[in-house]
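Trainee: Handing you this structure, nothing more for now.
The values are calculated or read from the model by the stated rules, or taken from the named source; none is laboratory data. This structure is a prediction, so every number in the text was calculated from the model and none was measured. Quick reminder, even Gly has a Cβ in these numbers, built from the backbone with ideal geometry, and neighbours come from all protein chains shown. When the accessible area is computed, the model is the full protein with side chains, heavy atoms only, and any ligands, DNA or RNA have been set aside. Shrake-Rupley method; radii C 1.70, N 1.55, O 1.52, S 1.80 Å.
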Amino acid sequence: MSTGSDPHTVEVAGVPVDTRHWIDGARVESGETFAVESPIDGAHLAEVSSAGADEVDAAVDAARRAFPAWAELGPEGRGEYLDRLARAIREHNDELAAVETTDNGSLLIGNRKNVMARGALNISHFADLARNLPTEVIEGSVRNEVVYQPSGVAALITPWNAPFMLSTWKVGPALAAGSTVVLKPPEWAPLTCSLLADLSAEAGLPPGVLNVVQGTGSRAGQPLVDHPDLARISFTGSTDTARVIGRSAARSLTPVSFELGGKSPFIVCDDADLDSAARTIAHQFINAGQVCLAGTRILVHRSVADDLLGRVTAAVDHLPVGDPRDLATRIGPLITRRQFDRVSGFVDRAREQGARPLIGGGPHPAGELYYSPTILTDVDQSWEIVQREVFGPVLVWQTWESDTEAVELANDTHYGLAAMIYTSDPDRADRLARRVVAGTVWVNCFFVRDLDAPFGGARDSGIGREGGRWSFDFYADVKNIATRRDDQERST
Ligand code: NAD
């Protein structure tokens, strides 16, 4: 669907979107394209340029050439560009929201109210942080001054469940730290990242500072992570893909940051506010459960399990399933037929093994890619439904009798992204929070966090931390300038 006058531009939700790459400040097309369909109704949205090694080389080369001048600008100079970019995102909030919803099926209400605003904040916040990074001085045998030195070209690779938010979460700190960027958006939902390129031009970013290369993981992602001229690779996606990228990065010893999948425990104690816990459990189904941080293993104290289940069932009944463009909808479609088959495969196999649905358990009549919010019980800890990430609206329900048992169940997977703990006893919360394996523990809350805090996963959920100064620790080269003090002859 081109707009007629320009064969490379399609209209999505009334917004013109260029389907080509953005390399060195210009639109570049490829001979090959890949198709993008809306999960809402299967509508064909666009044929997007599909990069191979040549386009990737051009993008890395443009970023490499743009790097010295961008680094030289310093945090203040870069911050002016980034503030303009954040402003441009805010000005186009509703267009970005509408395109994202059409492209990946995420909720329009969330995209309009929170997600795109968070995208803008991802840019402006890290610009501010870079400007205000305190100079750390360690006075020891010498004067050690710690400085953050721009490192070079950062390759940023993002998934489809929140492409704009997760891309800006990397683009903001990388650019603020003085890196130049090659962004490879997800092939299942690439369109808002194309708009990000337009907005970078609107903000006047110099050519080559931000490049967007569209394409699949194998044709575009692989040559990007194999490229020898990268200073950093930041990847958000599945653990399996991270293992492949890790092998490539190892060849050139390129530092990686990996934000990966999860199977997060949601612990409800016998002294918890059960209404609050139930509301938050129902919230795990938002965006059809395609949320890496979702607490997908409900671990509830046996004495309150029946009571909690009644409240959760009532809360889930109040979550309308349907078209994500409807502002009342809370659970939209899964992204593709492949994802739908994956989710239903997990549930069907678990039921064959003996799992019993407490809620849902199959497709939802709202449309082809809709799946009912599902909670399965009578599961064994060793089953894949307990151990593996489903990435759909599917939770498992297990009970426990002692805090030790709760912690053992919580920690008994290979993941360690997040954990939720509901209890009214602060000491118990603290004890449990320290014992669970997780990059983030939410006590009596979920999903809220500050951009200054570290974010990442333990075990198979990731390598490294981003957020706050941790982002600069990753994107920049941390340098120690060790100077002999006046009162000493020499130092070793
Ligand atoms: P994915 O790993 O299939 O793809 C992610 C990105 O990697 C895509 O852009 C893809 O094209 C690219 N890619 C694939 N193969 C590649 C290769 N060989 N080289 C370079 N790039 C390659 O993941 P997905 O299905 O898009 O996303 C879902 C996963 O992402 C889930 O596991 C979810 O938990 C995880 N996720 C994690 C976080 C987090 O912050 N920890 C956030 C969102 C999603």
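Trainee: To check you understand DSSP bridge types, tell me what percent of the beta bridges within the stretch 265-443 (both residues inside) are antiparallel, rounded to 5.
Mentor: In the stretch 265-443, approximately 15 percent of DSSP beta bridges are antiparallel ones.
Trainee: Further question on the same structure: Based only on Cα atoms, what mean projected area does the convex hull of the stretch 363-492 have, in nm²?
Mentor: 14.3 nm²
Trainee: I would also like to ask the following. If you wrap a convex hull around the Cα atoms of the chain, how much volume per residue is inside, in Å³?
Mentor: 153 Å³
Trainee: Calculate one ³J(HN,Hα) per residue across the stretch 286-299 by plugging θ = phi - 60° into the Karplus curve 6.51 cos²θ - 1.76 cosθ + 1.60, and present them in order as whole Hz with x for glycine and proline.
Mentor: 4, 6, 6, x, 8, 9, 4, 7, 3, x, 9, 10, 7, 10
Trainee: Let me ask you something else. So how much slack lies between D6 and R484, counting 0.36 nm per residue of separation and subtracting their Cα-Cα distance, in nm?
Mentor: Here the answer is 165.8 nm.
Trainee: For the stretch 89-94, just list the computed ³J(HN,Hα) in residue order, Karplus coefficients 6.51, -1.76 and 1.60, θ = phi - 60°, integers in Hz, with x standing in for Gly and Pro.
Mentor: Once θ is set to phi - 60°, the couplings for the stretch 89-94 become 4, 4, 5, 9, 3, 6 Hz.
Trainee: Near K479, which lysines are there with a Cα under 28 Å away, not counting those fewer than 8 places off in the same chain?
Mentor: K170
Trainee: Equivalent-ellipsoid semi-axes (√(5λ), Cα gyration tensor) for the stretch 1-51, whole Å, largest first?
Mentor: Equivalent ellipsoid semi-axes, largest first: 19, 13, 9 Å.
Trainee: Looking at the chain, what % of its DSSP beta bridges pair antiparallel, to the nearest 5?
Mentor: DSSP beta bridges in the chain are roughly 45 percent antiparallel.
Trainee: If you filter the stretch 436-485 for trypsin sites (Lys or Arg not before Pro), then keep DSSP loop positions with at most 13 other Cβ within 10 Å, what is left?
Mentor: R484, R485
Trainee: Sticking with this one: For the chain, which whole percent of the accessible surface, found with a 1.4 angstrom probe, sits on carbon and sulfur atoms?
Mentor: Ligands and nucleic acids excluded, carbon and sulfur give 49 percent.
Trainee: May I pose another question? Would you mind pulling out the separation of the Cα centroids of the stretch 343-361 and the stretch 38-91, in Å?
Mentor: Between the Cα centres of the stretch 343-361 and the stretch 38-91 lies a distance of 42 Å.
Trainee: Then there's this: For the chain, what is the mean residue ellipticity at 222 nm derived from helices alone (per DSSP H run of n ≥ 4: -39500 (n - 2.57); sum divided by total residues; nearest 500 deg cm²/dmol)?
Mentor: -11500 deg cm²/dmol
Trainee: Restricting to Cα atoms and excluding each atom paired with itself, what does the Kirkwood estimate give for the stretch 75-182 in Å?
Mentor: 15.1 Å
Trainee: At 25 °C and 0.890 mPa s, grab the translational diffusion coefficient of the stretch 129-192 from Stokes-Einstein with a Kirkwood Rh over Cα pairs, rounded to a whole number in µm² per second.
Mentor: 177 µm²/s
Trainee: What is the percent of Cα-Cα separations in the stretch 319-425 that go past 19 Å?
Mentor: Of all Cα-Cα pairs in the stretch 319-425, 51 percent lie more than 19 Å apart.
Trainee: Taking a probe of 1.4 Å, how large is the accessible area per residue of the chain, in Å²?
Mentor: Normalised by residue count, the accessible surface of the chain is 39 Å².
Trainee: In Å, what Rg and Dmax follow from the Cα atoms of the stretch 265-443?
Mentor: Rg and Dmax of the stretch 265-443, Cα atoms, are 15.5, 47 Å.
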